[in-house]
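Every number here is computed from the coordinates shown, using simple stated rules; none is lab data. Keep in mind that this is a model prediction, so the values were computed, not measured. Reconstructed Cβ throughout: ideal geometry from the backbone, glycine too, with neighbour counts over all protein chains shown.
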Amino acid sequence: MNALLDRPETVVPSEADRKLATESSRILSRRHAEAELRIRLDNGDVLTLPRAAARLLSHLLTEMSHGNAVTLIPVHAELTTQEAADYLNVSRPFLVSLLERKSIPFRKVGTHRRIRFHDLQEYKRRIDRERGAALDELTEQAQKLKMGY
């Protein structure tokens, strides 16, 4: 089972949640991205959200509208090897090999490895850039060889 889905703060949207998120996401998408977002609560109180929170809310609603499970992970959070493997969509043994090769920083708590979410994000960004560069190079070679790409 996916360890990130097992976290208590993970939200797996129901069909009703998905539909409501779709409607809310559409409404939010019509507003200017830099405008303040104010939310009126049932008791009449008005919340003014920071712009960053408004962007996050918009992203969250979009993901929920697609039926995707969502969770918030602070960048300083530490993940288990299984949670980190799930985030990267790789097997836990493959992730452990990355850790042992020092591709991703980690620390040990007793015999258990812990990976900072920030370090995991940095690794993912780096590997995505490297993959993109390799694909660009392959595309360029294919064009030079007139392979139809």
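In Å and whole numbers, how far do the C-alpha atoms of region 15-65 stretch along each principal axis, longest first?
Result for region 15-65: principal-axis Cα extents of 29, 26, 16 Å.
Take the Cβ-Cβ distance between I39 and Q121 as r, set R0 to 30 Å, and report the resulting FRET efficiency rounded to the nearest 0.05. Please report the intermediate quantities before stating the final value.
Numbers: r = 29 Å, r/R0 = 0.96.
For I39 and Q121, the calculated efficiency is 0.55.
Determine which lysines satisfy two conditions relative to K124: a Cα distance under 23 Å, and not lying fewer than 8 residues away in the same chain.
K102, K108
Which whole-number percentage describes the relative contact order of region 78-144, with Cα contacts under 8 Å and a sequence gap of 6 or more?
Once normalised by length, the contact order is 30 percent.
What's the Cα-based Rg to Rh of the chain, Rh via Kirkwood? Mind showing how you got there, number by number?
Numbers: Rg = 20.4 Å, Rh = 18.7 Å.
Rg/Rh: 1.09.
Mind checking Rg over Rh on region 78-144, alpha carbons, Kirkwood formula for Rh? List each step's numbers first, then the result.
Values: Rg = 14.7 Å, Rh = 13.0 Å.
Value, to two decimals: 1.13.
Using a simple charge model, +1 on the beta-carbon of Lys and Arg, -1 on the beta-carbon of Asp and Glu, nothing else, what dipole does region 15-65 show about its Cα centre, in debye to the nearest 20? Intermediate values should be presented prior to the final figure.
On the way: 9 positive and 8 negative charges, 44 e Å.
Rounded to the nearest 20 debye, it is 220 debye.
Working out 0.36 nm times the residue gap between E15 and A142, then minus their Cα-Cα distance, what length gain in nm do you get to one decimal? Write out the running numbers ahead of the final one.
Working: separation 127, 0.36 × 127 = 45.72 nm, distance 4.49 nm.
That works out to 41.2 nm of additional length.
Nearest 20 debye, what's the magnitude of the dipole of region 78-144 about its Cα centre given +1 on Lys and Arg Cβ and -1 on Asp and Glu Cβ? Before the final figure, lay out the partial values.
Values: 14 positive and 11 negative charges, 70 e Å.
In debye, rounded to 20, region 78-144 gives about 340.
Along the positive direction of the dipole of the chain (beta-carbon charges: Lys, Arg +1; Asp, Glu -1; about the Cα centre), which of L49, L95, G148 reaches farthest?
G148
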